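Bear in mind that the values in this text are calculations on the coordinates, not laboratory data. This is a predicted model, so every value here is computed, not measured. Neighbour counts are summed over all protein chains in view; Cβ atoms, including those assigned to glycine, are modelled from backbone coordinates with ideal geometry.
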Amino acid sequence: MVRVSERDLRVLIDILREGYAVQDLEGFREHIVSGLRRLVPCDIAGYAEMRPNSGPSHYRFWPRESSNPARDRTWEHFKHEHLVLMNCVQTGNGGARKISDFLNLQQFHRLGLYNEVYRPMGVEDNLVALPLISPHLILGVSVHRNRRTFTERHHQLMDLFSPHVRPIYEHVKAVEELRHDVRLVSETMEHLGRGMVFLSDAGTIRMSTPTALQCLAQYFGESGSKATLPETLRRWVEQRDVSVGEPGKCEPLVVEREGRRLNIRFLPDPSDLNQSVLLLEEERTLQSADVLKPLGLTARETQVLGWVAEGKTNPEIGIILGVSTRTIDKHCERLFRKLGVESRTAAVRVVLSLRTKPGECVR
C-alpha cells in the first residue's frame, strides 16, 4: 500500500481548515476546486451538487474556462453513461473510482459522454468520489487528466479528502442560512424603525443595524469605537447581565432627548455563548413639557396627561409617579377642565394635535 507523504497531509489539513472559514456556498465551491488541484495535480478539477429530483444542480471547475453551462446541460443528458457515478449511486459507496477502472479507452471513446462532454475538454480519465449520496442531493468531487496516469497515491488522497466535503458543505450552508436570517431580521427591524445591537460575551458590539448606531449617537452623544457601547449603556448592560436568569424582570432603559424617548431592552442569551441582544425603539415623548407647554398645565398635570396619552390607567400612573390613584383622579379632573374636554379620548386628541411636524405619525 502506497503511503501518502507528510507534505500531502499538510496540504490536506490546510484545505480543510480553510474550508471551515468560508461563509457562503459560492465561496465553498470555489474553494473545493482550488483545493482539489492543490491536492491532486490534474488538468481540470471539478465539484458538483446534483439534485436527482428537483432544484438546480451546481457545477464548478478549475480552471474557470472549463466551466460551460451548455456542456453542463449536455452532461445531464449523458451522465447515466458515467459508470463511476452510476456504481456509486447504486451501491451507496462513494469512495474514489476512475473511469479506467470500468472501461478501456476504446469502450470509453464509443460513449456519447466522451464525444459530447469529455473529448471537447481533452479528458481521457477522471478520478471521482461522492462524499454524499441521497435521494435529494449528491455531492461529487473529481479530478481530470488528458491521459490515464492516476496512481494509487492519488486514489488514497481522494479517499482522505472526500469524507470531509460533506461536513464542510453542511457547515458553510448553515452559516450562509444564519447570515441570511440575521440580515432578514435586521432589514425587518429597520423597516419597523427599530434597531438591534448584537453583543459579544465580553459585552462589546459584534454587529449593529444602522438605526441602532444612529440612536446610540443621538442619545448618548459618544463618537467612540463602533465596537464599544457608550459608558452609561455598558454599565446598565452589566447590571442586567447579573439577572440573566430572570429575563422577564429586565426593565427597559429609557433615555429622553428633545421630546423623544429611546427604549432599550436587554434580551439575554440563555446559551453558553452568552451573546445577548439590545433592542432599541425610538418614540415621541408625548408627556414632554415642551410638547404640552401650550396647554397651560402644571408640571404634574403635564406628566399625568402624557401618561394618559400613552394609554396608562390612573392606578398605573399613580404607580409610575409614586402617588395614590385618588390623587391622579384629581389631576385628571383639573386638566380635563383646563382642556375643555370630558373624556380621556378627547384629551389624547388634544395632545396629538400638538405634534411639531404636521403629518408626522406618532409611534
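Couple of notes before you dig in:
- Relative contact order %, the chain, counting alpha carbon pairs below 8 Å whose residues are six or more apart: 11 percent
- For Kirkwood radius over Cα pairs in Å, the candidate list reads [x] 20.3; [y] 26.3; [z] 22.8; the entry that matches the value derived from this model is [y].
- Rounded Å value of the spacing that divides the Cα centres of region 128-198 and region 300-314: 57 Å
- Counted charge near Y114, where neighbours are those whose Cβ lies closer than 12 Å (Asp, Glu -1; Lys, Arg +1): -2
- Cα-based shape type of region 76-195, given that a ≥ b ≥ c are square roots of the gyration tensor eigenvalues and the cut on a/c is 1.5: prolate
- Scalar couplings 3J(HN,Hα) for region 331-337, obtained by applying the Karplus form with A = 6.51, B = -1.76, C = 1.60 to θ = phi - 60°, are 4, 5, 4, 5, 5, 4, 4 Hz; x denotes Gly and Pro.
- The stretch between R183 and E65, if pulled fully straight at 0.36 nm per residue, gains 39.1 nm over its current Cα-Cα span.
- Per-residue ellipticity at 222 nm from helix content only, as computed over the chain with -39500 (n - 2.57) for each DSSP H run of at least four residues, stands at -13500 deg cm²/dmol.
- The chain: Lys pairs at Cα distance under 24 angstrom, eight or more positions apart or on different chains: 9
- Working ranking of peptides 105-112, 133-140 by packing, defined as the average number of other Cβ atoms within 10 Å per residue, highest first, is 133-140, 105-112.
- The phi-based Karplus calculation (6.51 cos²θ - 1.76 cosθ + 1.60; θ = phi - 60°) puts the 3J(HN,Hα) values of region 54-67 at 7, x, x, 8, 10, 10, 9, 10, 10, x, 4, 5, 6, 6 Hz, whole numbers, x for Gly and Pro.
- Under the Karplus curve 6.51 cos²θ - 1.76 cosθ + 1.60, θ = phi - 60°, whole-Hz ³J(HN,Hα) for region 26-32, x wherever Gly or Pro sits: 4, x, 4, 4, 5, 5, 4
- Taking amide hydrogens as placed 1.01 Å from N in the peptide plane, the amide H of S276 sits under 5 Å from those of L199, D269, each at least 5 positions away in sequence or on another chain.
- The trypsin sites (Lys or Arg not before Pro) of region 179-238 that meet both conditions, a loop assignment by DSSP and at most 13 other Cβ atoms within 10 Å of the site Cβ, are K226.
- Fewest-first ranking of L352, L103, L85, using other Cβ atoms within 10 Å as the exposure measure: L352, L103, L85
- Near L229, the amide H atoms lying under 5 Å from its own belong to I205; only residues 5 or more places off or on other chains count, and H is placed 1.01 Å from N.
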